[in-house]
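Here the structure comes first, spelled out in structure tokens, and everything after it is commentary.
Bear in mind that the values in this text are calculations on the coordinates, not laboratory data. Keep in mind that this is a model prediction, so the values were computed, not measured. Cβ: placed from backbone, ideal geometry, glycine included. Neighbour counts: every protein chain shown.
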Amino acid sequence: MTMPHTPVLDFLLTRRSRPAKLLAAPVPDRAGLELLLTAAARVPDHGKLEPWRFIVLEKPALNRIADAVVPRAAERGMDAEQTAKGRSQFDDSPLAVAVIASPKGFERIPEIEQTLSAGAVCLSLLNAALAAGWGASWLTGWAAHDRDFMAAQLGLQPGEWVAGFIHIGTAKSAPPDRPRPDLAAITTWVSA
């Protein structure tokens with residue numbers, strides 16, 4: 001007989017991200033954040049490769065990256081709206097954890113499985129933060145996908161990339177819930 005974890009299931013059925021622009025201080029202290037990171041690291045990881053790592057970005061680091069976004073956007077020929085959006089992700093956030101995909105060259109474990117493990121870390125960290133009562137969101141954006149820019153800002157090693165920025169703080173407000181997928185439209189049942 002199964003023993004459901006009803007509070008956990010209820011949380012998962014009602015969880016909602018909070019936009020980074022709606023997050024403010026206070027943020028988790030180091031011990032609180034280490035607890036969230038510990039929960040996030042408990043994901044499927046075939047071969048125990050740990051094909052991901054964390055970079056905690058406190059407010060001064062977020063401000064530094066926000067300032068660096070402007071000249072990088074100009075180098076890339078981005079318009080004012082793209083520049084502002086790239087900058088605001090870092091300017092508006094009180095704390096972020098960069099989840100860095102760090103695939104290991106291990107023949108037996110395909111890189112795609114390692115990539116999926118990094119994505120699982122992002123979602124686990126997001127859910128851990130929300131379950132702990134914080135507001136949180138998972139963002140990427142053009143700056144996250146600019147490998148050279150992120151290498152300069154975060155010290156990425158060759159082959160590493162940003163799987164996501166998990167922004168964490170105190171939610172100032174909650175936006176209305178968004179429409180959720182139509183399960184019948186995306187599910188196929190196979191019985192034989």
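Can you work out which of the residues in the range 68-127 that are hydroxyl-bearing (Ser, Thr, Tyr) and assigned to a loop (DSSP other than H, G, I, E, B) is surrounded by the most Cβ atoms within 10 Å (Cβ to Cβ)?
Restricting attention to the range 68-127, the residues satisfying the condition of being hydroxyl-bearing (Ser, Thr, Tyr) are 83, 88, 93, 102, 115, 117, 124.
If we keep only those that are assigned to a loop (DSSP other than H, G, I, E, B) as well, we get 93, 102.
Working: Ser93: 27, Ser102: 18.
Looking at the filtered set, the residue picked out is Ser93.
Among Gly164, Gly159, Gly169, which is in a loop (DSSP other than H, G, I, E, B) and either touching a residue at least 24 places away in the same chain (Cβ under 8 Å) or over 17 Å from Phe90 (Cα atoms) (or both)? Don't jump to the end; show me each part of the working.
Values: Gly164 fails: in a loop (DSSP other than H, G, I, E, B); Gly169 fails: in a loop (DSSP other than H, G, I, E, B).
Answer to the check: Gly159.
How many residues, within the range 12-53, are surrounded by fewer than 16 Cβ atoms within 10 Å (Cβ to Cβ), under 16 Å from Ser137 (Cα atoms), of a type outside the set (A, V, I, L, M) and touching a residue at least 60 places away in the same chain (Cβ under 8 Å)?
Here the count works out to 4.
Consider the range 106-149. How many of its residues are under 28 Å from Arg76 (Cβ atoms), touching a strand residue (DSSP E or B) at 6+ places or on another chain (Cβ under 7 Å) and not aliphatic (A, V, I, L, M)?
7
Check the range 59-81 and report whether any residue there is without any contact (Cβ under 8 Å) to a residue 12 or more places away in the chain and under 20 Å from Gln157 (Cα atoms).
Yes, the range 59-81 contains a residue that is without any contact (Cβ under 8 Å) to a residue 12 or more places away in the chain and under 20 Å from Gln157 (Cα atoms).
May I ask you to list the residues in the range 1-53 that are among the polar types (S, T, N, Q) and either in contact with a strand residue (DSSP E or B) (Cβ under 9 Å, 6 or more places away or on another chain) or in a loop (DSSP other than H, G, I, E, B) (or both)?
Thr2, Ser17, listed by residue number.
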